[in-house]
Amino acid sequence: MTDDTDLETIRTIIDAAKVAILTTTSDEGELHSRPLAVLSDKFEGSLWFFTADPSPKSRDIAINPEVNVAYADGKGYLSVAGTASIERNQTRIDQLWNPMVEAWFENGKDDPSVALLRVDARSAEYWSVDKPGVVRAFQIAKALVTKTPPDLGENRTVAL
């Protein structure tokens, strides 16, 4: 895995986001992106989401498990490439279950369609915006005058 600073930045962006965007590839080769609720779970190399199975998402993953998960909040952006799988681990479902998830499944945790989507991360690229809004505006204005890219924060690609 990557160094602690990169890992902490990745965790901070994930924790701040409420929604992630999962992109899968259909059997016709078309990209499909859809929102997923971010779960409270410390990132250690795998991302976890609740999903219904069967679903178009789970069919895409069965055909091609290579996916991308994107996160954004006001202070950072993250793109994670990895391999997805659908799991029905009841212990993990119990651990991650929360009242918001209940709204999506008629019979709660006992709903036969409840499954977990696991993404084992291979690499991540993040953009950490570490400057206040007024400084970012100044950097953009300066870039327009000097014809140089604005310094808005850090951009790194890391292997996971």
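The values are calculated or read from the model by the stated rules, or taken from the named source; none is laboratory data. Keep in mind it's a predicted model, so treat the numbers as computed, not measured. Glycine also receives a Cβ, built like all others from the backbone with ideal geometry; neighbour counts cover every protein chain displayed.
Considering each residue of region 1-33, count those that are surrounded by fewer than 17 Cβ atoms within 10 Å (Cβ to Cβ) and small (Gly, Ala, Ser), and give that number.
Summing the residues that are surrounded by fewer than 17 Cβ atoms within 10 Å (Cβ to Cβ) and small (Gly, Ala, Ser) in region 1-33 gives 4.
Restricting to region 34-56, and then to whatever is within 13 Å of the chain's Cα centre (by Cα), closer than 28 Å to residue 112 by Cβ and small (Gly, Ala, Ser), can you tell me which residue is surrounded by the fewest Cβ atoms within 10 Å (Cβ to Cβ)?
Result: 40.
Name every residue in region 33-58 that is of a type in the set (S, T, N, Q), outside any strand (DSSP E or B) and more than 20 Å from residue 106 (Cβ to Cβ), in order of residue number. It would help to see each step written out before you state the result.
Here is the first cut: in region 33-58, the ones of a type in the set (S, T, N, Q) are 33, 40, 46, 51, 55, 58.
Filter once more, so that each one left must be outside any strand (DSSP E or B): 40, 55, 58.
Within region 33-58, 40 is the sole residue that qualifies.
Can you tell me which residue within region 103-119, out of those that are exposed (fewer than 14 other Cβ atoms within 10 Å of the Cβ) and not in a loop (DSSP other than H, G, I, E, B), is modelled with the lowest pLDDT?
Only one residue fits best here, namely 110.
Out of (1) surrounded by 14 or more Cβ atoms within 10 Å (Cβ to Cβ); (2) hydroxyl-bearing (Ser, Thr, Tyr); (3) modelled with pLDDT under 85, what's the single condition that is false for residue 128?
In the conditions (1) surrounded by 14 or more Cβ atoms within 10 Å (Cβ to Cβ); (2) hydroxyl-bearing (Ser, Thr, Tyr); (3) modelled with pLDDT under 85, residue 128 misses (3) alone.
Can you run down the residue pairs with Cβ atoms below 8 Å, 6 or more apart or on separate chains, where the first is in region 134-160 and more than 22 Å from residue 8 (Cβ to Cβ) and modelled with pLDDT of 70 or more and the partner is surrounded by fewer than 11 Cβ atoms within 10 Å (Cβ to Cβ) and charged (D, E, K, R)?
So the pair list comes out empty.
Please go through (1) part of a loop (DSSP other than H, G, I, E, B); (2) under 22 Å from residue 92 (Cα atoms) for residue 29 and return the number of the only condition it doesn't satisfy.
(2)
Among the numbered criteria (1) surrounded by 12 or more Cβ atoms within 10 Å (Cβ to Cβ); (2) not in a loop (DSSP other than H, G, I, E, B), which one does residue 100 miss?
(1)
Results for (1) touching a residue at least 60 places away in the same chain (Cβ under 8 Å); (2) under 30 Å from residue 156 (Cα atoms), shown as yes or no for each residue.
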residue: 66; (1), (2): no, yes
residue: 71; (1), (2): no, yes
residue: 75; (1), (2): yes, yes
residue: 81; (1), (2): no, yes
residue: 95; (1), (2): no, no
residue: 106; (1), (2): no, no
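Out of region 59-73, which residues are under 14 Å from the mean Cα position of the chain (by Cα) and either assigned to a loop (DSSP other than H, G, I, E, B) or not aliphatic (A, V, I, L, M) (or both)? First the steps, then the outcome.
Initial filter on region 59-73 (under 14 Å from the mean Cα position of the chain (by Cα)): 66-73.
Of everything in region 59-73, those that are under 14 Å from the mean Cα position of the chain (by Cα) and either assigned to a loop (DSSP other than H, G, I, E, B) or not aliphatic (A, V, I, L, M) (or both) turn out to be 66, 68, 71, 73.
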